[in-house]
Amino acid sequence: MEKTLTLELKFKASDGKSKNLTLRNPSEGLTAAEIQPAMATIVGLDVFSIEGVNPYSAVDSARYIEKTITEIL
């Protein structure tokens, strides 16, 4: 059995769509108080632009995703 943990940071793009930034093997137990400022820093950098759209223009949410793979055969 193999377990993996990722941290998914969700942002709103300047065109209103959602954009995710996924981090593999994050520190466990991070709180909103720790994640929020990091996400705000990414937004504040304002260095990302894809065809005139900033994919990280506003903080939306964050969540841990735990995946378990169990081999059967």
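The values are calculated or read from the model by the stated rules, or taken from the named source; none is laboratory data. None of these values were measured; they are calculated from a predicted model. Note: ideal-geometry Cβ built from the backbone for every residue, glycine included; neighbour counts use all protein chains shown. Ligands, DNA and RNA are excluded from the accessible area calculation, which covers all protein heavy atoms including side chains. Shrake-Rupley method; radii C 1.70, N 1.55, O 1.52, S 1.80 Å.
Give the average over all directions of the projected area of the C-alpha convex hull of the range 19-73, one decimal, in nm². The partial results should precede the final answer.
Working: hull surface 23.1 nm².
Seen from a random direction, the Cα hull of the range 19-73 projects 5.8 nm² on average.
Quick one: with all protein chains in place, what share of the accessible area of the chain is carbon or sulfur, to the nearest percent (1.4 Å probe)? List each step's numbers first, then the result.
Details: 2870 of 5450 Å².
Roughly 53 percent, rounded to a whole number.
Any chance you could give the angle, 0 to 90 degrees and rounded to 10, that helix 32-45 forms with the longest Cα principal axis of the chain?
Orientation of helix 32-45: about 40 degrees from the principal axis.
Under 5 Å between amide hydrogens, which residues at least 5 positions from D60 or on another chain qualify, with H placed 1.01 Å from N in the peptide plane?
Amide H to amide H, under 5 Å and 5 or more residues apart or across chains, D60 pairs with K10, F11, K12.
Of the GluC sites (Glu not before Pro) in the chain, which ones lie in a loop per DSSP and count no more than 14 other C-beta atoms within 10 Å?
Numbers: sites: E2, E8, E28, E34, E51, E66, E71; in loops: E28, E51, E71.
Taking the chain and a limit of 14 other Cβ atoms within 10 Å, the loop GluC sites (Glu not before Pro) found are E28, E51, E71.
With only Lys, Arg, Asp and Glu charged, each at its Cβ (+1 for the first two, -1 for the last two), find how big the charge dipole of the chain is about the Cα centre; round to the nearest 20 debye.
On the way: 8 positive and 10 negative charges, 21 e Å.
With only Lys, Arg, Asp and Glu charged at Cβ, the dipole is about 100 debye.
Which FRET efficiency value, to the nearest 0.05, is calculated for K17 and K67 with the Förster distance at 25 angstrom and r the Cβ-Cβ distance? Present the calculation step by step, with values, prior to reporting the outcome.
Values: r = 25 Å, r/R0 = 0.99.
That gives a FRET efficiency of 0.50.
Quickly estimate the mean residue ellipticity at 222 nm for the chain, helices only: each DSSP H run with n ≥ 4 gives -39500 (n - 2.57), and the total goes over all residues, rounded to 500. Could the numbers behind the result be given before it?
Numbers: 1 runs with 14 residues, N = 73.
It lands at -6000 deg cm²/dmol.
Tell me the per residue accessible area of the chain using a 1.4 Å probe; a whole number in Å² is fine.
Working: 5450 Å² over 73 residues.
So the chain comes to 75 Å² accessible per residue, rounded to a whole number.
Once the dipole of the chain is set up with Lys and Arg at +1 and Asp and Glu at -1 on Cβ about the Cα centre, which of L7, I72, S18 lies farthest towards its positive end?
Selected residue: S18.
What's the FRET efficiency of L30 with E2 using the Cβ-Cβ distance as r and R₀ = 22 Å, to the nearest 0.05?
0.50
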